[in-house]
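Q: Pasting in a structure now, in C-alpha cells, and then I'll have a few things to ask.
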C-alpha cells in the first residue's frame, strides 16, 4: 500500500508538468509503455516523460499532441508501475481526437520467471464512444524467454469491466485478459518492443497492439517512434471498430 501511495505522488507531479510517456528497459526507463511492465532491474524509483507535437498553418490548420508519463518503483519482490497518456488532435479549430488513459499495475515476483499481478485501467475516449471505461484484473505472469538482449513475458488474468457510453448506456461484465510483452535491446541504449493484449468480455473484445522503436539521442534524452492499433468488436452506430495512432516523441528519462 505504501508503494502505491508513493508512486501516485510521483506520477501526479509528472503529469502536472504537462508531459508524459515512458518505459522500463533492461536497465533503465525508456520510451515505450508497452515494455515497462516486467523489466525494471534497478531498485527504487525510475521514471520518464515524453512529448510529441505537430502543428501546420496555411491552407489547413492542424494540431496534434501526444504526451505520456510513467513512474516505476521496485523493492524486493514488489514492482509497481503507474502510467498516464493523453492524445489530442484538432483541425481548423475543431477537436477531431481526444483520449486519456491511466493504468496502474502492481506485481509480486514468486521466482525469477513467475509473478502474480493486479492491474487497474481507466479510459476516456468519447471519439470511440466511451464516456469512461474501467477495468480491474488479477492474474499470473510468466517470463517465457530471457537473454542479455531479449525478453518475452506472458500474462493472463480475469476481472471486471465497467463501460459508460456516450449515449448514456452502461454495462458491467466479467472479462479475461491475455497479454504478450516483448523487448529486444539491439544496442546499449536502443530497443524495439511489441505489446499485444486482448481483453475479452460478454459485450466486447478489446485488442491492442503497441510497437515502438526507441533510440538514445544524448544523455537522458531519447527519440521514440510508436505505432498503436486498437480494435473493438462492438462499437456504437456510426463508429469504426479500429483506431490507429502513430507517434513520434522526445523522451526524458530520470
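The values are calculated or read from the model by the stated rules, or taken from the named source; none is laboratory data. None of the values given here were measured: they were computed from a predicted structure. No Cβ is skipped: glycine too gets one built from the backbone with ideal geometry, and neighbour counts run over all protein chains shown.
Q: Which ones in segment 155-180 are under 17 Å from residue 107 (Cα atoms) and surrounded by 15 or more Cβ atoms within 10 Å (Cβ to Cβ)?
A: Passing the criteria: 155, 157, 159, 177, 178, 179, 180.
Q: If you don't mind, another one. For residues that are part of a strand (DSSP E or B) and surrounded by fewer than 16 Cβ atoms within 10 Å (Cβ to Cβ), tally how many sit in segment 238-254. Outline the logic, then answer.
A: At the first step, the residues of segment 238-254 found to be part of a strand (DSSP E or B) are 242-253.
Filter once more, so that each one left must be surrounded by fewer than 16 Cβ atoms within 10 Å (Cβ to Cβ): 242, 244, 246, 248.
Total meeting the criteria: 4.
Q: Any chance you could count how many residues in segment 95-150 are over 20 Å from residue 177 (Cα atoms), touching a helix residue (DSSP H, G or I) at 6+ places or on another chain (Cβ under 8 Å) and buried (at least 19 other Cβ atoms within 10 Å of the Cβ)?
A: Result for segment 95-150: 1.
Q: Another question about this same structure. Out of all the residues in segment 124-149, which are modelled with pLDDT of 95 or more and over 17 Å from the mean Cα position of the chain (by Cα)?
A: 138, 139, 140
Q: Could I ask something else about it? I want to confirm something. Restricting to segment 66-77 and keeping residues that are closer than 19 Å to residue 108 by Cβ and either buried (at least 24 other Cβ atoms within 10 Å of the Cβ) or touching a strand residue (DSSP E or B) at 6+ places or on another chain (Cβ under 6 Å) (or both), which single residue is modelled with the highest pLDDT? Steps first, please.
A: Pass one, segment 66-77, residues closer than 19 Å to residue 108 by Cβ: 71-77.
Now drop any that are not either buried (at least 24 other Cβ atoms within 10 Å of the Cβ) or touching a strand residue (DSSP E or B) at 6+ places or on another chain (Cβ under 6 Å) (or both), which leaves 71-73, 77.
Details: 71: 82, 72: 82, 73: 83, 77: 88.
Across segment 66-77, the extreme among qualifying residues is 77.
Q: A follow-up question, please. What is the one condition in (1) surrounded by 13 or more Cβ atoms within 10 Å (Cβ to Cβ); (2) touching a strand residue (DSSP E or B) at 6+ places or on another chain (Cβ under 8 Å) that residue 235 does not satisfy?
A: Only one criterion is unmet by residue 235, namely (2).
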